[in-house]
1. Within segment B:144-173, list the residues whose amide N lies under 17 Å from a label point set 7 Å along Cα→Cβ of B:Q226.
2. What's log10 of I(q)/I(0) for the protein assembly as shown at q = 0.06, 0.14 Å⁻¹, Debye sum over Cα points only, no solvent?
3. By how many degrees, between 0 and 90 and to the nearest 10, does the Cα long axis of helix B:201-228 differ from the longest principal axis of chain B?
4. Looking at segment A:1-91 from every direction and averaging, what is the projected area of its Cα convex hull in nm²?
5. Under a 1.4 Å probe, what is the accessible area of chain B per residue, stated in Å²?
6. What value does segment B:177-216 have for Rg/Rh, both radii from Cα atoms and Rh as Kirkwood defines it?
7. Rg and Dmax of segment A:164-216 over Cα atoms: what are they, in angstrom?
8. First obtain the Kirkwood hydrodynamic radius of segment B:28-199 from its Cα pairs, then insert it into the Stokes-Einstein equation at 37 °C and 0.692 mPa s, and state the resulting D in µm² per second as a whole number.
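The values are calculated or read from the model by the stated rules, or taken from the named source; none is laboratory data. Quick caveat, the model's predicted, so the values are computed rather than measured. No Cβ is skipped: glycine too gets one built from the backbone with ideal geometry, and neighbour counts run over all protein chains shown. Each accessible area value is taken on the protein alone, full model and side chains, heavy atoms only, with ligands, DNA and RNA left out. Shrake-Rupley method; radii C 1.70, N 1.55, O 1.52, S 1.80 Å.
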Amino acid sequence: MSQALFSLRGVVKRFEQREALNLERLDLEAGVITVVEGPNGAGKTTLLSLLALISPPDRGRLFFDGHELPRSGSQLTAWRRQITLVAQQAYLFETSVDKNVAYGLRLRGMDRATREERVAQALEQVGLAGFGPRRARRLSGGEMQRVALARALVLRPRALLLDEPFANLDPASAQVFERVLGELPGQGCAVVLVSHALEQAHRLAQRVVYLREGRLVPEDGHRPGA
Amino acid sequence: MDFFLGGLTRGLGLLVNLDPEVYGIAWLSLRVSLSAVILAALAAVPLGLVIGQKEFVGKRFLVVLFNTLLALPTVVVGLVVYGLLSYHGPLGGLGLLYTPGAMVVAQAVLAFPLITALVIAAVITLDNRVGPTALTLGATPLQAAWAVLKEARFAVLAALAAGFGRVITEVGAAIMVGGNIRHYTRTFTTAIALETSKGEFAQGMALGFFLLVVALAVNLASHQLQARWK
Ligand SMILES: Nc1ncnc2c1ncn2[C@@H]1O[C@H](COP(=O)(O)OP(=O)(O)OP(=O)(O)O)[C@@H](O)[C@H]1O
Ligand SMILES: [Mg+2]
């Protein structure tokens, strides 16, 4: 097995004393689509925020690409730029679709010509060619979700985290998502997908991880310690 | 009724006749109040952003404090700034008392809590996903804060406009620290107070009318800015 892109060791996340996540050991590989499943409140979104480095763990160690990451601080931005998250209900900025998708590229100082090319390409990928000038927050729910995916894809991240990407999507759009996501492992991207849409998720998944009450349920179906 | 009509026609007359003294007063009022708003905003906008976004103990107290400071009478602010800038005061060495600079300071102190309180409200009511979204797309914490400010731009500009409205209309502080010196520290409001005390009601009305026109122009300009900043 290759070296893991993410390694979590003894990671604990609490909200007001309640443990939302407690992972003794979890490794996520590059070039693999991992699907995270579990009932509501199992800690799936919490796990993705942690992996996106926007919500530091209260305890434990987090490694990315073999480097131990600090909990906070300015060095985190450089690591964060290799990872991106499409949230459960993605927020689009109050501006055009183009500017939304270009946002991350601008932050990375990419020149305008390359930016425009990559933005157009990403919109095309999610079936939104020609949507560039439209106001992002006036789009339909499914269209917004596709913009959010394009905004993440355009960054060509090493890890793409997706929270319920199939919610709100019509069958045709879901198919587009499936096809686009299916291409990512070949490019070495680690995809972590949280989904209740089990059919699609299982078609894509190279690995399934079960969470319950913030803990991993071993893949053989036994609860830890049971 | 003569009183209002006369004031209005004289106000129009002042506008079109380019009365140099009145234009001087208008220009000073505008300069002082805009400078005060910019000065106050430099501190109030970042502070409001931090207070609105961060969770910390004492946050509620700070919010209540800033809301309370809105009730500060302008003469009290004038008195405090007067005390600070007066010859024997701690900042007396700056020689600012009875200059336009003193009025800028006093008006900035007045605008500061108002702009801060309104920016806090703007940030608190803004969707709390903005900051995290910016971060996941690669923003530094500072760039994420800028994204928050940009998403709240309409409310933030409204806060600045409210600050401007508060300071260009106030008279207490301007008169105390500016001294209403002709051709030097005489603003719209101090001039109106003077004309009224002299019984020159129509002249006072005329100036009041002119003040409204200036305020309208400033608000139109800021509205243009909002429309373009997309
Ligand atoms: N910001 C927060 N403050 C307090 N509690 C939180 C917070 N975020 C999550 N929690 C709690 O942590 C637990 C895990 O939440 P999480 O959102 O990770 O669940 P989930 O697996 O994504 O559920 P769903 O399938 O409903 O999206 C829940 O009990 C939730 O109430
Ligand atoms: Mg969730």
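1. B:149-166
2. Computed log10 I(q)/I(0) values: -0.40, -1.21.
3. 30 degrees
4. The Cα convex hull of segment A:1-91, projected and averaged over all directions, gives 6.7 nm².
5. 50 Å²
6. Rg/Rh for segment B:177-216 comes to 0.99.
7. Gyration radius and largest Cα-Cα distance of segment A:164-216: 11.9, 34 Å.
8. Numbers: Rh = 17.2 Å.
Diffusion coefficient, whole number: 191 µm²/s.
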